[in-house]
Amino acid sequence: MLRRSIMIAALTLLARPAAAGWTLPCIFGGCSITFVSPEYAAKPVQPLDPEAALAQINAYRTKNGRKPVVLDERLSRAAAAQSKAQAGRSRIGHDGSDGSKPMQRAARAGYRAKIASENVASGQKSFSDVMRSWEGSSGHRENLLRPEVTAVGVTMAKNSSGWPYWTLVLGAEKANAKKDTEESAKMGKEEGHAQPQPLTRQDCKTAGMKWNDQSNVCG
C-alpha cells in the first residue's frame with residue numbers, strides 16, 4: 001500500500017521526497033501530495049553531515065555562478081531551534097514554537113543578519129534528496145542562489161516516530177555586526193530570551209552534527 005506524505009515547505013512551497021511515485025497538486029494550493037513508493041518509505045533516514053551538506057550547497061551555487069558560503073555555528077543554532085520546533089509538533093513550517101521568524105531566531109543565536117532566509121523540508125531520507133526537492137522549487141532555489149548570502153546553518157531533527165525535519169538557514173551579516181553585539185544582547189533580554197550558548201552534546205546530536213570530544217564543542 002502506497003504511503004502518502006504531505007509536506008509543506010519554505011515560502012509556502014513544497015519540498016518533497018525525490019522518490020518514485022506520482023505528485024498531485026493540492027486543491028487548496030501551497031502544497032502537493034506525493035505518493036511515495038514503499039521501497040523509499042522503508043529506507044532509513046541518513047544522518048546529516050553538515051560539511052557534506054555544505055559541499056552540495058556550494059556545488060549548486062558554483063554551478064549557477066554564485067560564490068560559495070561557509071558554515072556558521074550561530075546559524076546552525078537557529079536552524080536547530082526550528083528543526084526541533086517542527087519535530088516537537090510534527091508539523092513543518094517557519095513559525096517557531098513561540099511564533100518567532102527566521103530573522104528573530106538568527107538574532108537570538110547572536111547573528112546580526114541583514115538577510116536570514118530559511119528552507120525547510122520534511123520526510124526526505126537524506127540531505128541529497130532534500131537538495132533535489134529544493135532545486136526543483138522556485139522559492140527554495142531563489143534562497144539557495146541568493147548572491148548576498150555568505151553563510152549557512154543546516155540541521156535535521158526527528159520526531160518521536162523518527163520522521164525527519166530539515167532546516168537550512170542562509171544568512172548575510174550586517175557590516176556593523178560587531179557594533180550591534182550589545183544591541184543584540186539587549187534585545188534578547190527585552191524579549192526574555194537567554195543569551196546564546198554553545199550547542200550541548202545532546203543538542204549537537206539532535207541537530208545531526210558532530211561532537212568534538214577533544215575540545216568539547218559542536219562541529
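The values are calculated or read from the model by the stated rules, or taken from the named source; none is laboratory data. Fair warning: this is a prediction, and the values are worked out from it, not measured in the lab. Note that we place each Cβ from the backbone using ideal geometry, even for glycine, and neighbour counts take in every protein chain shown. In case anyone asks, the SASA skips ligands and DNA or RNA and just uses the protein heavy atoms, side chains included. Shrake-Rupley method; radii C 1.70, N 1.55, O 1.52, S 1.80 Å.
Return yes or no: is Ala59 touching a residue at least 24 places away in the same chain (Cβ under 8 Å) and either within 18 Å of Trp166 (Cβ to Cβ) or open to solvent by 40 Å² or more (accessible area, probe 1.4 Å) (or both)?
no
Given the residues Lys125, Lys84, Lys101, Lys114, which is the only one that is over 16 Å from Leu48 (Cα atoms) and under 15 Å from the mean Cα position of the chain (by Cα)?
The unique qualifying residue is Lys101.
Under the condition of being in a loop (DSSP other than H, G, I, E, B), modelled with pLDDT of 95 or more and closer than 15 Å to Trp134 by Cβ, which residue from region 62-102 is least open to solvent (accessible area, probe 1.4 Å)?
Across region 62-102, the extreme among qualifying residues is Val69.
In region 166-188, which residue that is open to solvent by 10 Å² or more (accessible area, probe 1.4 Å) and modelled with pLDDT of 80 or more is farthest from Tyr40 (Cα to Cα)?
Ala175
Show the residue pairs meeting these rules: Cβ distance below 9 Å; 6+ apart or different chains; first residue within region 122-135 and β-branched (Val, Ile, Thr); second residue open to solvent by 30 Å² or more (accessible area, probe 1.4 Å).
Val130/Ala18
I'd like the full set of residues that are open to solvent by less than 20 Å² (accessible area, probe 1.4 Å), out of contact with any Leu (no Cβ under 9 Å at 6 or more places or on another chain) and in a helix (DSSP H, G or I), limited to region 106-133.
Those that are open to solvent by less than 20 Å² (accessible area, probe 1.4 Å), out of contact with any Leu (no Cβ under 9 Å at 6 or more places or on another chain) and in a helix (DSSP H, G or I): Ala107, Asp129.
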